[in-house]
Structure formats: structure tokens, C-alpha cells
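Take a look at the structure below.
The values are calculated or read from the model by the stated rules, or taken from the named source; none is laboratory data. Just so it is clear, the model here is predicted, and its values are computed rather than measured. For neighbour counting, all protein chains shown are included, and Cβ atoms are generated from backbone atoms with ideal geometry for every residue, glycine included.
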Amino acid sequence: MSYCQAGEELFLRIIAVKGKQPKETYHQKLASCRQNIELADPGLTWSADKKTLTIYWLSAPESVGVSGTLSLNIGDNGQVKQP
């Protein structure tokens, strides 16, 4: 890896545990020195009453070099909806 030399990437994976087998319902790359994706502070916040996970980037995946926010509504069944 030629950018940060660490060669590490950070992913979010949401796993539904209801049912017979755990099932991945969502995945998103959160940070990557190779693709210039970087989380802001705080990187993630969870609102239990709204069942919403919000991701904050300094440099977002869809627009490198530009900050961004993504909110995900997570249902009881583990399914993810973007409002």
C-alpha cells in the first residue's frame, strides 16, 4: 500500500441475527487510505429510540475530498433503509 503504509481499511457490516442463520443486510466502507476515505469525529452515532445509525465522513466514499453524512434506519429484522 503506497498511501498510508498501513494497508488497513475499515468496514461497517450490519448482521441480522433473527432467523435460523445470521445474515448480512448491509455493508459500507468507512475508511481507506488507499481510496482517501476518512471518518470525521464522531465517526458513527447510534440513536436507539429512532433506530438510526449516522455515519460522518471528512472525505466521503462517493465524493473523495468532500465531507458527507449518511443516515441508515435499521429495522427490527436488520433490514437497512436510507431515509
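Looking only at segment 34-83, filter to residues that are aromatic (F, W, Y) and over 19 Å from A16 (Cβ atoms); which one of those is surrounded by the fewest Cβ atoms within 10 Å (Cβ to Cβ)?
That would be Y56.
Considering each residue of segment 47-68, count those that are β-branched (V, I, T) and over 20 Å from T25 (Cα atoms), and give that number.
Here the count works out to 2.
Collect the residues in segment 49-75 that are more than 15 Å from Q35 (Cβ to Cβ) and of a type outside the set (A, V, I, L, M, F, W, C), keeping them in residue-number order.
Of everything in segment 49-75, those that are more than 15 Å from Q35 (Cβ to Cβ) and of a type outside the set (A, V, I, L, M, F, W, C) turn out to be D49, K50, K51, T52, T54, Y56, S67, T69, S71, N73, G75.
Those residues that are under 15 Å from L44 (Cβ atoms) and either of a type in the set (G, A, S) or modelled with pLDDT under 90 (or both), I need them from segment 68-81; list them, please.
G68, S71, listed by residue number.
With segment 31-83 as the region, which strands (runs of 3 or more DSSP E) entirely inside it contain at least 1 residues that are closer than 15 Å to F11 by Cα and either over 15 Å from the mean Cα position of the chain (by Cα) or aromatic (F, W, Y) (or both)?
Where strands (runs of 3 or more DSSP E) fall fully within segment 31-83 and carry at least 1 residues being closer than 15 Å to F11 by Cα and either over 15 Å from the mean Cα position of the chain (by Cα) or aromatic (F, W, Y) (or both), they are 52-59.
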